[in-house]
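Here's the structure, in structure tokens; my notes come after.
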Amino acid sequence: MVPQVLATLHLLFADGSRGRAFGIYGIVLGLAGAAGFLLGGVLVTLDLAGLGWRAVFFVNVPFGLVIIAAASWIMPSVPRRAGTRLDVPGAIVLFAGLLCLIGPLLFSHDVHWAPWVWLVMATGVAIVAAFLWLERAVASRGGMPLIDLALLSDTAFMRGLYAVFFFFFANLSFYLVMTMFMQRGLHIPPLQAGMVFLPPFGVGLCHRLATQRRAGRGIVARWC
């Protein structure tokens, strides 16, 4: 989702206002990171419909619907380029593959890793492999594939992809391990555990605002 947001900002705002838009985006990103931990603790504490920690995933559905409605109302229409077609089949196949591959991880522990869990995940691997074949077929017909597999042969792109992968792998793993340690090891309730991360995010946000004031919007926009 993040590349789509950055590309949309680049498209909708001219050079004069693009810096301010990216600056606001960076601030909202910091606030959202802090709010995510707090609201996650609230959702786990409320235990909506007995979902427990799974509510942090299901909450994306109502928020997604609100965002879709807001985008339809607020965002201006952009002329469609002639001859472009969305790769809807590719999106459906990829969604099905990831659902079969990742979905069972949400409840596999509750069913004691039953054999059918592994069967569903193996099906997801097969569907993802079929997705790669589908994308090559779309590209060979001159279409616009959902993922341009030619990028995988670009050394600079792959180097950046590896860097982003390891950054998010280390970053998200750190927060996951720390949250589990606080709740399981230190027996801190979920809400209080979520509040522990608020000060670091607050300090980072204040530093970003101070940098924006000192360096100017143009430099901050390029940094973002």
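The values are calculated or read from the model by the stated rules, or taken from the named source; none is laboratory data. Small disclaimer: the values here were computed from a predicted structure and weren't measured. Every residue, glycine as well, gets a Cβ built from its backbone with ideal geometry; the counts of neighbours run over all protein chains shown. The accessibility values were calculated without ligands, DNA or RNA, using every heavy atom of the protein model including side chains. Shrake-Rupley method; radii C 1.70, N 1.55, O 1.52, S 1.80 Å.
Observations
- For the chain, carbon and sulfur atoms together expose 74% of the accessible surface, with a 1.4 angstrom probe and every protein chain in place.
- Probe 1.4 Å, accessible area per residue of region 17-103, Å²: 70 Å²
- Inverse of mean 1/r across different Cα pairs in the chain, Kirkwood, Å: 21.2 Å
- Applying the criteria of a DSSP loop state and at most 11 other Cβ atoms within 10 Å to the trypsin sites (Lys or Arg not before Pro) of region 44-124 yields Arg80, Arg81, Arg85.
- Sequence-distant residues sharing a close amide H with Ser108 (under 5 Å, placed H): none
- For the chain, built as a Gaussian network whose Cα springs stay under 10 Å, the top-fluctuating residue of Arg159, Arg18, Arg136: Arg159
- Dipole magnitude of the chain about its Cα centre (Cβ charges: Lys, Arg +1; Asp, Glu -1), debye to nearest 20: 780 debye
- Region 1-136 - percent relative contact order, Cα under 8 Å, separation 6 or more: 16 percent
- Accessible area (Å², 1.4 Å probe, nearest 10) - Ser173: 50 Å²
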